[in-house]
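Below: the structure, in structure tokens.
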Amino acid sequence: MDKFTAHTLLPLAAGKQHATLQLQQCGHCRAVNYPARDLCGECLADQLSWQPQSGLGKLLAVSALHYSLEPALHSELPITIGSVKLAVGPVVIAYLRQTQLAIGDSVEVSIGRDSADNAVLIATALGTSAQTAKEQ
Amino acid sequence: MKQPQDYSGVVLTTPVSYGYAKQSDKPAHWYIGSVLRELCQSAGIDKKEIDGAAFSSFGLAPDSVSFLTQHYNITLRWLEQLPFGGASGVIALRRAARAVQCGDAEIVACIGGDTAAAGSFRDLVADFSRFSNSAAYPYGAAGPNAPFALITAAYMQRYNVSREDFGRLAVAQRHNAQHYAPALLGGKPLTMPQYLAARPIAEPLHLFDCVMPCAGGEGFLVMSEQRARDLKLPFVTIAAADERHNAFAEDPLQLRSGWSEFAGGLYRRAALAPSDIDLVQTYDDYPVISALQLEGLGFFAEGEFSQFVAATATTFDGGGLPHNTSGGQLSGGQAGSAAGYLGVVESLRQLTDSAVDNQVANAQHAVVSGYGMINYDRGLCSSACILSRGGAHG
């Protein structure tokens, strides 16, 4: 079966399993941009660079996926994802490793890896790191 | 904001729906060309008389619509490629009406068509847009089910909506489909217990909240009222139409879109109110999106979807507000870009009394709403029009 390659563009050094959140930020107007783009979505300046960001946010919505278009993910179903409004601005879609999370919960988003080693966003309940969440 | 001018003197005619199939080995070109042929036959004109075209398809690559002119040996003086997904049909009629009004073209064919080969839906979704590729698809690879599951979950929580409320729309549409022969799921009745017992796909979405991708084509002609009278074609007029792209961009989740912004002007220009509307066609890729359109277009107040569906029959023959009278996509299948034309075409049938078993009695005015292009977390395009029964019937 083909491996699932996800092109998330997120910065995570080879060999590393976790990192604090980084998102594109504009050097001109300071707006944090997501999804990744080519110039600032607010002021259109050509000054975006990946910068560390606070991962704090609120869960806007949760879904347990029971179907995936990628055969490589079928063994992991159901997969829980959520939509998170970050305090720094953007809304991100992230994996939820704690399925009891509910709309309105405070979460922290960081960068981790999925089962196919792709760098992805992971949201965990506030106070639990992605590392400990994975072990729960 | 300055209001758009009216569409006086321009009409829509000749509704064509063609070739619906669960799978097909024909390319999109075949579907669009077949609809073009049927439009000419149905209008009683030679293809030479068509001097403008607006086409929508997800399946033309590596071709663009300019190449279609050679495929079909047509010479045009006006041509549009409208990549607005489910908003394309209404946007096509807006563009085409202006072309006819201004003399840039005399007869414009507006056609959406797509095919469905094994694996083609996955291929389309896995490389749909740069934002989707990097920020949506990697999270479980659920395609459009994922963002719509998230929108549905938030809508249910915010407005205390139950699965049964959405089920009322889906069950009513299945009833309508049973009276529209080409609907691919028309032969399978759907009851509320069956809807509720369906397997989960992307919670809170279950099987009957999700459309079945299919192949098919939809089209209509835009011309002057005088030309339609000369050709003795029953026609429909455009009372008002509008569109928005990336409306309410600051909303963290899409619980409304352009309809909420332009509906007031739409009804004002048409000199009509929601209570004057006899039938409505929404873009129903998921029931929650129909709810957003019905709400944005004033058929119920914000947050009152549950009360609306409890009090209003949405079947074609229920005496309430007939909605998606041919079964919509949920019961008819989603034929790619053709799905964005389905609501216009079905409304033309209804307003010219050429629907067969699903005819709404005495329909004078229809609202058609469009929605499309999930770039990341929401559909970016919204459109709607009010169509009115014209003359030259029978």
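The values are calculated or read from the model by the stated rules, or taken from the named source; none is laboratory data. None of the values given here were measured: they were computed from a predicted structure. Cβ sites come from the backbone with ideal geometry, for glycine too, and all protein chains shown count toward neighbours. Just so you know, the surface numbers come from the protein's heavy atoms only, side chains and all, with ligands and any DNA or RNA stripped out. Shrake-Rupley method; radii C 1.70, N 1.55, O 1.52, S 1.80 Å.
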| query | Does B:Ile91 satisfy being open to solvent by less than 10 Å² (accessible area, probe 1.4 Å) and not in a helix (DSSP H, G or I)? | reply | no
| Among the residues of segment A:4-19, is there at least one that is modelled with pLDDT of 95 or more, in a loop (DSSP other than H, G, I, E, B), farther than 21 Å from A:Ser83 by Cβ and within 14 Å of chain B (Cβ to nearest Cβ)? | no
| task | Have a look at B:Ala198, B:Ala170, B:Ala141 and point out the one that is touching a residue at least 24 places away in the same chain (Cβ under 8 Å) and either touching a Lys or Arg at 6+ places or on another chain (Cβ under 7 Å) or of a type in the set (A, V, I, L, M) (or both). | result | B:Ala170
| field | B:Gln23 vs. criteria more than 18 Å from B:Phe67 (Cβ to Cβ), in a loop (DSSP other than H, G, I, E, B), touching a residue at least 12 places away in the same chain (Cβ under 8 Å) and in contact with a Gly (Cβ under 9 Å, 6 or more places away or on another chain) | value | no
| remark: Taking segment A:20-41 and keeping residues of a type in the set (D, E, K, R) and away from chain B (no Cβ under 14 Å) leaves A:Arg30
| message | Going residue by residue through segment B:71-88, is there one that turns out to be assigned to a helix (DSSP H, G or I), within 20 Å of B:Ser34 (Cβ to Cβ) and open to solvent by 40 Å² or more (accessible area, probe 1.4 Å)? | response | yes
| Applying the selection to segment B:34-51, what residues are small (Gly, Ala, Ser) and farther than 21 Å from B:Pro234 by Cβ? | B:Ser34
| task | Pick out the one residue from B:Ala105, B:Ala142 that is in contact with a Phe, Trp or Tyr (Cβ under 8 Å, 6 or more places away or on another chain), more than 22 Å from B:Asp242 (Cα to Cα) and in a loop (DSSP other than H, G, I, E, B). | result | B:Ala142
| remark: Of the residues in segment A:78-99 that are modelled with pLDDT under 90 and within 14 Å of chain B (Cβ to nearest Cβ), the one that is nearest to A:His7 (Cα to Cα) is A:Arg97
| task | Might you let me know whether segment B:70-77 holds any residue that is farther than 15 Å from B:Ile107 by Cβ, in contact (Cβ under 8 Å) with a residue 40 or more places away in the chain and not polar (S, T, N, Q)? | result | yes
| request: Pull up segment B:40-70, narrow it to residues that are of a type in the set (Ser, Thr, Tyr) and in a helix (DSSP H, G or I), then point me to the one that is nearest to the chain's Cα centre (by Cα). | output: B:Ser42
| request: Report yes if some residue within segment B:152-162 is open to solvent by 40 Å² or more (accessible area, probe 1.4 Å) and either closer than 30 Å to A:Ala119 by Cα or more than 11 Å from every other protein chain (Cβ to nearest Cβ) (or both); otherwise report no. | output: yes
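Residues are listed down the side, and each one gets a yes or a no for (1) of a type in the set (A, V, I, L, M, F, W, C); (2) more than 14 Å from chain A (Cβ to nearest Cβ); (3) in contact with a helix residue (DSSP H, G or I) (Cβ under 6 Å, 6 or more places away or on another chain):
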| position | (1), (2), (3) |
| --- | --- |
| B:Tyr195 | no, yes, yes |
| B:Pro200 | no, no, no |
| B:Gly219 | no, yes, yes |
| B:Thr237 | no, yes, no |
| B:Ala240 | yes, yes, yes |
| request: Could you list all residues from segment A:97-130 that are open to solvent by 10 Å² or more (accessible area, probe 1.4 Å) and within 18 Å of A:Ala64 (Cα to Cα)? | output: A:Arg97, A:Thr99, A:Gln100, A:Leu101, A:Ala102, A:Ile103, A:Gly104, A:Asp105, A:Asp114, A:Ser115, A:Ala125
| request: Kindly state which helices (runs of 4 or more DSSP H) lie completely within segment B:190-296 and contain at least 3 residues that are surrounded by fewer than 20 Cβ atoms within 10 Å (Cβ to Cβ). | output: B:192-197, B:225-230, B:258-270
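Rundown of residues vs (1) touching a residue at least 40 places away in the same chain (Cβ under 8 Å); (2) surrounded by fewer than 24 Cβ atoms within 10 Å (Cβ to Cβ); (3) part of a helix (DSSP H, G or I), yes/no style:
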| residue | (1), (2), (3) |
| --- | --- |
| B:Val344 | yes, no, yes |
| B:Asp353 | yes, yes, no |
| B:Ala366 | yes, no, no |
| B:Met373 | yes, yes, no |
| note | The residue that is nearest to the other protein chains (Cβ to nearest Cβ), considering only those in segment B:111-139 that are touching a Gly at 6+ places or on another chain (Cβ under 6 Å) and not in a loop (DSSP other than H, G, I, E, B), is B:Val125
| query | Is it true that A:Ser83 is free of Cβ contacts under 8 Å to residues at least 40 places away in the same chain, touching a helix residue (DSSP H, G or I) at 6+ places or on another chain (Cβ under 6 Å), assigned to a strand (DSSP E or B) and among the hydroxyl-bearing types (Ser, Thr, Tyr)? | reply | yes
| query | Which of the residues spanning segment A:28-41 are over 19 Å from the mean Cα position of the chain (by Cα), open to solvent by 40 Å² or more (accessible area, probe 1.4 Å) and in contact (Cβ under 8 Å) with a residue 12 or more places away in the chain? | reply | A:His28, A:Cys29
| request: Can you confirm whether segment A:55-74 contains a residue that is exposed (fewer than 14 other Cβ atoms within 10 Å of the Cβ) and either in a strand (DSSP E or B) or in contact with a helix residue (DSSP H, G or I) (Cβ under 8 Å, 6 or more places away or on another chain) (or both)? | output: no
| query | Can you name the residue in segment A:42-75 that is touching a residue at least 24 places away in the same chain (Cβ under 8 Å) and more than 18 Å from the chain's Cα centre (by Cα) and is also nearest to the other protein chains (Cβ to nearest Cβ) among such residues? | reply | A:Glu70
| said: Scan segment B:329-339 and tell me whether some residue there is within 22 Å of B:Thr237 (Cα to Cα) and either modelled with pLDDT under 95 or in contact with an Asp or Glu (Cβ under 7 Å, 6 or more places away or on another chain) (or both). | reply: yes
| query | Looking only at residues in segment B:258-284 that are touching a Lys or Arg at 6+ places or on another chain (Cβ under 7 Å) and touching a residue at least 60 places away in the same chain (Cβ under 8 Å), which one is nearest to B:Ser337 (Cα to Cα)? | reply | B:Gly258
| Residue check: is A:His66 modelled with pLDDT under 95 and farther than 21 Å from B:Leu253 by Cα? | no
